[in-house]
Structures are given as C-alpha cells and as structure tokens.
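Let me begin by presenting the structure, written as structure tokens, before commenting on it.
All of the numbers you see were taken from the coordinates with simple rules; none came from a lab. Predicted model only: the values in this text are computed from it and were never measured.
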C-alpha cells in the first residue's frame with residue numbers, strides 16, 4: 001500500500017525553505033500520496049490513516065491562527081501520537097503543541113497543551129546558531145534561527161542531546177520533543193536533506209524497509225563535510 005504523507009498548511013508553514021523537507025521526501029518515495037492540506041481544509045488525519053504528518057515553521061501571527069485551527073482536533077492528535085503515527089514538526093511549529101506562547105508584555109497565547117513545554121518571544125532579538133546533537137546513534141546537524149526560546153521540562157521526552165549549540169534555550173542541553181513517533185525540533189536546514197541517516201529513520205518509522213534515498217551518496221558526503229566543519233567552529 002502506498003504511504004500517505006500529509007503536509008499541513010504549506011501556503012503558510014514554509015519559512016526558511018523547510019518545505020524542501022517534503023520536496024526531498026517526495027523524491028525518495030515518489031509513489032507515496034502527498035496530501036497538501038491548505039488552511040481552510042479539514043486535515044486529512046481527522047478521518048484518514050496518515051503515515052506521516054509534517055508541519056514547518058511559520059510567522060508568529062500564523063502560529064496563533066494555526067493553534068485555533070487545530071484546537072478542535074487536539075484529542076485526535078493525542079490519539080495519533082499514542083498510536084505511533086509519525087509527526088515531523090520543525091522550527092517554531094513545535095510551540096503549537098506546548099502549553100502557551102508568552103509575548104514580551106507577559107500576555108500568553110494558549111496553545112494545544114499536549115506537552116508541558118512553553119515558549120517566550122523576544123521579537124527584538126533573533127537567536128541564530130549552528131547545531132549538533134545526538135539522536136539515538138545519529139549526530140544531527142543543522143541550524144537555528146528563531147525569535148522564541150522554549151522552556152519547561154523535556155528531560156523524559158527530548159529529541160536530541162546537544163553537542164554544539166543550545167537545547168530548548170541557552171541553558172538547556174536537551175533539544176526538542178520526542179514522544180513515541182512524534183518529533184518536534186527547532187533545528188532547520190532543512191533537516192531531512194542535511195541528515196540522510198535521520199531521513200532513513202523517518203522512512204523506516206513509516207514502514208519502508210531498507211529505504212533508498214535520492215542522491216544518497218551526495219548527501220552523505222555533504223553531511224560528513226558539514227559535520228566536520230561545524231565541529232571545527
């Protein structure tokens with residue numbers, strides 16, 4: 001059976017070129033059914049079995065709209081997480097699944113509340129940094145560029161342990177959220193193109209045995225070079 005990949009709100013959630021994650025995945029599994037769910041559509045995951053749900057980074061105003069859009073489906077999202085559906089959530093999209101997003105004036109935007117983390121905005125200061133972190137046996141490489149930092153306890157459900165850069169915030173060495181097959185990370189890049197072994201893991205999680213990547217050798221060579229360069233900085 002062909003795999004079903006849902007891309008949430010690609011017309012909005014595509015900052016930093018992270019939609020290239022899905023463009024690359026399409027090259028790896030061209031027979032998969034890629035569903036682009038626009039903002040005014042009902043998400044396919046509400047009524048269909050979806051193998052992978054992807055959402056990328058967005059503007060702060062869009063975050064608030066997406067939270068309201070997804071609130072009616074909170075229980076369904078929690079059910080899918082418990083059932084081991086694969087989620088890949090990149091950049092500030094992950095903040096939507098936390099408790100709230102706090103503005104500089106202290107006002108709070110209530111989020112979905114699925115996880116115990118929360119975010120604080122600082123629109124006058126963009127954090128930029130390189131990143132290396134350990135996810136299982138894989139060293140993840142990438143970048144961060146964000147007006148928000150995350151807070152809260154992710155010790156039991158973090159995505160990667162930091163080797164270079166920051167975790168949820170500048171005092172944290174634990175990056176992102178991972179529960180079952182739900183992965184949320186501030187790391188951008190796009191992460192699937194920069195990390196071929198991680199991409200294989202994602203494909204394995206959706207049930208593809210011995211996955212073959214598009215341009216695999218080129219990506220592996222670039223990964224080795226990039227990892228070496230980032231470690232030397």
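Relative contact order for the chain using alpha-carbon pairs under 8 Å, separation at least 6, rounded to a whole percent?
Working: 474 pairs, mean separation 42.1, N = 233.
RCO, the chain: 18 percent.
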Rounded to the nearest 5, what % of the DSSP beta bridges within the chain are antiparallel ones? 60 percent
Select one label from (i) 117; (ii) 134; (iii) 148: the one whose number is volume of the Cα convex hull per residue in Å³ as derived from the coordinates shown. (i)
Between segment 98-146 and segment 1-80, how far is it from one alpha carbon centroid to the other, in angstrom? 19 Å
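Can you give the relative contact order of segment 142-233 as a percent, counting alpha carbon pairs under 8 Å and 6+ residues apart? Intermediate values should be presented prior to the final figure.
On the way: 96 pairs, mean separation 19.7, N = 92.
Result for segment 142-233 is 21 percent.
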Computed, not fitted: 222 nm per-residue ellipticity of the chain from DSSP H runs ≥ 4 (each -39500 (n - 2.57)), nearest 500, equal to -7500 deg cm²/dmol
